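Notes follow the structure.
Read-outs throughout are calculated quantities, based only on the coordinates presented, and are distinct from any laboratory measurement. None of these values were measured; they are calculated from a predicted model. All Cβ positions, even for glycine, are placed from backbone atoms using ideal geometry, and neighbour counts span all protein chains on display.
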Amino acid sequence: MSVKTKLLKALILGAPASGKGTISSRIVKKYNIEHISSGDKLRDHIEKQTELGKEVKKYLNEGKLVPDDVIIKFMIAELKLSSDKPWLLDGFPRTVAQANALWKVQPVDVVLNLEVPFEVIIERVKNRWVHLPSGRVYNIGFNTPKVMGKDDVTGEDLIQRPDDKPEAVLKRLEIYKSVTQPVINFYQDKDILKNFEGRTSDEIWPKERARRGGERFKGL
Ligand code: AMP
């Protein structure tokens, strides 16, 4: 008789630049689970100039959400490819329609919600640099690259994302407040939401580890 181990399906919520990427990469490294970031996947398509990439580029550059029908179809297909692995989903779902679509095909076990004040976020994005191929994020001051403008691992160039421009950030925070907040309520109602407050990832990370230790991540 074979015993089927339950694969953890977790997701992380938080405003743009709340540190989701940093916290996610620490979780996936420590627990050896897959990190699935909708934003990284879309940027990858834009970089490779695929049909999808061409379709979504303007939304990303303007800091707007990709339409629900497009992102739902894309992400559900992506998640199917990883259905046999434990994962941490980042950036999807962002609307209640997306949350409902995901819940129908794959209910999640736990939702981590990062709560970082908006003024901290705006300050942070001014200092944010990313390595596009890997999605590694650097913040000057907190998590400074060893060589300015270069990725620590590959030595390749870092860039500032077009959607990190102040107008785009403000737009994304407004969208987050109005559209994504109901997603938090959606998971709160299902009683699987865990809130983590802090101004920096280093402040949030120990809380997350302490809390996780005794609970659902134990089985990993
Ligand atoms: P992120 O890296 O998660 O901040 O995502 C960057 C951009 O990708 C967002 O500003 C949106 O334009 C787009 N995007 C990523 N995930 C989604 C989603 N779940 N729904 C709609 N648009 C998304």
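Quickly rank 37-44, 112-119, 11-18 as a protection proxy: mean count of other C-beta atoms within 10 Å, highest first. Spell out each step's value before the answer.
On the way: 37-44: 19.4, 112-119: 17.4, 11-18: 23.9.
Packing order, densest peptide first, comes out as 11-18, 37-44, 112-119.
In region 1-78, which GluC sites (Glu not before Pro) fall in coil by DSSP and have 11 or fewer other Cβ atoms within 10 Å?
On the way: sites: 34, 47, 51, 55, 62, 78; in loops: none.
Of the GluC sites (Glu not before Pro), not one in the loops of region 1-78 has a Cβ with at most 11 other Cβ atoms within 10 Å.
Go ahead and set up a Gaussian network model of the chain, Cα springs under 10 Å, then flag whichever of 25, 201, 134 fluctuates most.
Judging by the Gaussian network model, the answer is 134.
How high is the relative contact order of region 1-149, given as a whole-number percent (alpha carbon pairs under 8 Å, six or more residues apart)?
On the way: 163 pairs, mean separation 55.2, N = 149.
After rounding, I find 37 percent.
Please get the size of the charge dipole for the chain, origin at its Cα centre, with Cβ charges of +1 on Lys and Arg and -1 on Asp and Glu, quoted in debye to the nearest 20.
Details: 39 positive and 31 negative charges, 102 e Å.
Roughly 500 debye for the chain.
Any idea how far the Cα center of region 3-41 sits from the one of region 61-93, in Å?
Their Cα centres are 13 Å away from one another.
Let me know the charge dipole size of region 52-157 about its Cα centre in debye, to the nearest 20, where only the beta-carbon of Lys, Arg (+1) and Asp, Glu (-1) is charged.
My answer is approximately 220 debye.
Looking only at the chain, where both bridge partners belong to it, what percent of the DSSP beta bridges are antiparallel (to the nearest 5)?
Restricted to the chain, the bridges split so that about 30 percent are antiparallel.
Assuming a ≥ b ≥ c are the square roots of the Cα gyration tensor eigenvalues, decide whether the chain counts as rounded (a/c under 1.5), prolate (otherwise, with a/b larger than b/c) or oblate. Intermediate results must be reported in sequence, preceding the final value.
Working: a/c = 1.37, a/b = 1.21, b/c = 1.13.
Judged from the Cα gyration tensor, the chain comes out rounded (a/c under 1.5).
What number, rounded to the nearest 500 deg cm²/dmol, is the helix-based mean residue ellipticity at 222 nm of the chain, given -39500 (n - 2.57) per DSSP H run of at least four residues and division by all its residues? Mind dumping the intermediate values first?
Working: 9 runs with 99 residues, N = 220.
Result for the chain, helices only: -13500 deg cm²/dmol.
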